[in-house]
Amino acid sequence: GDSVTQMEGPVTLSEEAFLTINCTYTATGYPSLFWYVQYPGEGLQLLLKATKADDKGSNKGFEATYRKETTSFHLEKGSVQVSDSAVYFCALIKAAGNKLTFGGGTRVLVKP
Amino acid sequence: NAGVMQNPRHLVRRRGQEARLRCSPMKGHSHVYWYRQLPEEGLKFMVYLQKENIIDESGMPKERFSAEFPKEGPSILRIQQVVRGDSAAYFCASSPRQGEWYGYTFGSGTRLTVV
């Protein structure tokens, strides 16, 4: 079945550091890929998405590129802020599918 | 323009009691999805419903769990005879139409604690 694997956390960084969270997937066909962010005590918010190979999703300084050859969708941000402290989830959905398959989440802690 | 509304935000139940979780989808959304997040884990799909129909319940435990989405009112996820292992955050999402994942919006969740 479909699966998403992302690096385990926690990832602890200093403010203005570079952030990378690795995400790889296994799925048949051509899924759409997502990054969601969950702030403490809150629900999930869509951070960015990509629907086909080589698409780059971007939002709030975060970027991720859909790499079909490596089945990856790594999340990057060039300069993190304390407010970026959260749990980040990589997810996929199959074409015409109805349910998201999530990775286990990566907790990021940014220290001032 | 309210988003997906879930209540209660926090629910405490004793073992053996029933838990009822409610989800009101976004206005104009007729498709509802329930996910469960166990502590320190990712979200796992439970069930997908349209009005008055269960479309996909492949992620629902076989016993004690049920879901409905009546013609009027919110979607309800019901857990009978709760056990400690049911303690989790339960999230609801809604979308306007089948397959329109880009309209998929999550609520803030209900955190169930079984004592």
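Going down the table (A:Lys60/B:Lys27; A:Lys68/B:Lys44; A:Lys68/B:Lys27), which pairs top 29 Å between alpha carbons?
As for pairs spanning more than 29 Å Cα to Cα, those are A:Lys68/B:Lys27.
Students often forget the sequence filter, so: which aspartates and glutamates lie under 13 Å Cα-Cα from A:Lys111 once same-chain residues fewer than 8 apart are removed?
Correct list for A:Lys111: A:Glu15, A:Glu16, A:Asp84.
With label points built 7 Å along Cα→Cβ from the Cα atoms of A:Lys111 and A:Ser83, find their separation and express it in nm.
2.3
Could you tell me which trypsin sites (Lys or Arg not before Pro) in the stretch A:28-76 are loop residues by DSSP with no more than 16 other beta carbons within 10 angstrom of their beta carbon?
Of the trypsin sites (Lys or Arg not before Pro), the ones in loops of the stretch A:28-76 whose Cβ has at most 16 other Cβ atoms within 10 Å are A:Lys52, A:Lys60, A:Lys68.
Normalised by the number of residues in chain A, what is the relative contact order in percent for Cα pairs under 8 Å and 6+ residues apart?
37
If Lys and Arg each add +1 and Asp and Glu each add -1, what is the summed charge of the other residues whose beta carbon sits under 13 Å from the beta carbon of A:Ala27?
Summing Lys/Arg as +1 and Asp/Glu as -1 gives +2.
Along the charge dipole of the stretch B:8-86, pointing to its positive end and built from +1/-1 on Cβ of Lys, Arg, Asp and Glu, which listed residue (B:Trp34, B:Ile79, B:Gln17) has its Cα farthest out?
Most positive-ward Cα: B:Gln17.
Give me the dipole magnitude in Debye, nearest 20, for the protein assembly as shown about the Cα centre, with unit charges on the beta carbon: positive for Lys and Arg, negative for Asp and Glu.
Here the size comes out at about 700 debye.
Let me know the Kirkwood hydrodynamic radius for chain A, please, with Cα pairs as the basis and the value in Å to one decimal.
This gives a value of 14.0 Å.
Starting from the stretch A:1-52, pick out the chymotrypsin sites (Phe, Trp or Tyr not before Pro) whose DSSP state is loop and whose Cβ has at most 11 other Cβ atoms within 10 Å.
Qualifying residues, ordered by number: A:Phe18.
On full extension of the chain, what length is gained from A:Phe18 through A:Lys52, given 0.36 nm per residue of separation minus the C-alpha to C-alpha distance?
Gain in length upon complete extension: 9.7 nm.
A short reminder: the numbers here are calculations on the coordinates, not readings from a lab. None of these values were measured; they are calculated from a predicted model. Cβ atoms come from the backbone with ideal geometry, glycine included; neighbour counts cover every protein chain shown.
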